1. Counting just the residues of region 103-118 that are more than 13 Å from the chain's Cα centre (by Cα) and in a loop (DSSP other than H, G, I, E, B), which one comes out farthest from residue 29 (Cα to Cα)?
2. Can you confirm whether region 51-64 contains a residue that is in contact (Cβ under 8 Å) with a residue 40 or more places away in the chain and among the hydrophobic types (A, V, I, L, M, F, W, C)?
3. Look through region 89-105, keep the residues that are buried (at least 16 other Cβ atoms within 10 Å of the Cβ) and without any contact (Cβ under 8 Å) to a residue 40 or more places away in the chain, and return whichever of them is farthest from residue 8 (Cα to Cα).
4. What do you reckon, is residue 108 at pLDDT 90 or above and either more than 20 Å from residue 144 (Cα to Cα) or surrounded by fewer than 13 Cβ atoms within 10 Å (Cβ to Cβ) (or both)?
5. Among the residues in region 38-51, are any modelled with pLDDT under 95 and basic (Lys, Arg)?
6. Within the group 56, 10, 62, 24, which residue is of a type outside the set (Gly, Ala, Ser), surrounded by fewer than 20 Cβ atoms within 10 Å (Cβ to Cβ) and outside any helix (DSSP H, G or I)?
7. Within region 132-147, take every residue that is in a helix (DSSP H, G or I) and out of contact with any strand residue (DSSP E or B) (no Cβ under 7 Å at 6 or more places or on another chain) and give me the one that is modelled with the lowest pLDDT.
8. Considering only region 75-88, state which residues are part of a helix (DSSP H, G or I) and surrounded by 12 or more Cβ atoms within 10 Å (Cβ to Cβ).
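The values are calculated or read from the model by the stated rules, or taken from the named source; none is laboratory data. Model, not experiment: these values are computed from the prediction. Counting neighbours? That spans all protein chains shown, and the Cβs are built from the backbone with ideal geometry, glycine included.
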Amino acid sequence: MYQRILVPVDASELSDRAIHASIDLARQLGASITGFVAEPIMLPPAGPISRSRFDDDLREHDAMTEAHARAVLNRFETEARAAGVPFDGYHDQVPSVDRAIVEAAESRGCDLIVMVTHGRGAFGEFLFGSHTKAVLAGSRLPLLVLH
C-alpha cells in the first residue's frame, strides 16, 4: 500500500497531531516517514536598508530557521524511532510552502502526504488561505487530511 509518508510539520499543536497520527499509520502499514519543515524565505524589505544590514538580518534569519527546523525534526525523529518507524527529515527555505510540500513529496519518492488543517471554514480560508487545499490542488499524490 503506502511505503513512504511525507509529513510537513511546524511545531504547532496541530503539527503534533500530524506527528502522532502519521507514526501510528506508518507503524500499521510498515511504512517510513519523511518529516519536512518548510520555512519561508526572508524577503528584502520594502524600504531602504543597507546591503550589509540585510546580509546580517539574512544570516540571523537563516540561523533561527535552521535551529527551529532541526528542533522540530529531532523531536519527530525521536518519537518515530521510539515507535519503531523509520524516519528521515529535512528542511528548506522556500518562497511557497504549498509548492515546496508537493515538490518534497515527489523528490523524496513519497506515496502519501499527511497534513493537518485548521478547518477555519470558507471565511477563514479567504482571510488566511489554506496550505492543505493548495497541496491537494497541486499534487497527484493521495493526501490524508486530519482535522
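1. Only one residue tops the list, namely 118.
2. Let us first name the residues in region 51-64 that are in contact (Cβ under 8 Å) with a residue 40 or more places away in the chain, namely none.
No, that holds for no residue.
3. Filtering region 89-105 for residues buried (at least 16 other Cβ atoms within 10 Å of the Cβ) gives 89, 91, 93-94, 97-98, 100-105.
Now narrow it down to the ones that are without any contact (Cβ under 8 Å) to a residue 40 or more places away in the chain: 102-103.
Numbers: 102: 10, 103: 12 Å.
Ranking the candidates gives 103 first.
4. Values: at pLDDT 90 or above: yes; either more than 20 Å from residue 144 (Cα to Cα) or surrounded by fewer than 13 Cβ atoms within 10 Å (Cβ to Cβ) (or both): no.
Considered against the rule, which asks whether it is at pLDDT 90 or above and either more than 20 Å from residue 144 (Cα to Cα) or surrounded by fewer than 13 Cβ atoms within 10 Å (Cβ to Cβ) (or both), residue 108 comes out as no.
5. yes
6. Working: 56 fails: outside any helix (DSSP H, G or I); 62 fails: outside any helix (DSSP H, G or I); 24 fails: outside any helix (DSSP H, G or I).
The unique qualifying residue is 10.
7. Narrowing region 132-147 to residues in a helix (DSSP H, G or I): 132-138.
Now narrow it down to the ones that are out of contact with any strand residue (DSSP E or B) (no Cβ under 7 Å at 6 or more places or on another chain): 133-134, 137-138.
Numbers: 133: 82, 134: 87, 137: 87, 138: 89.
In this case the residue turns out to be 133.
8. Taking region 75-88 and keeping what is part of a helix (DSSP H, G or I), we get 75-82.
Selection gives 75, 76, 77, 79, 80, 81.
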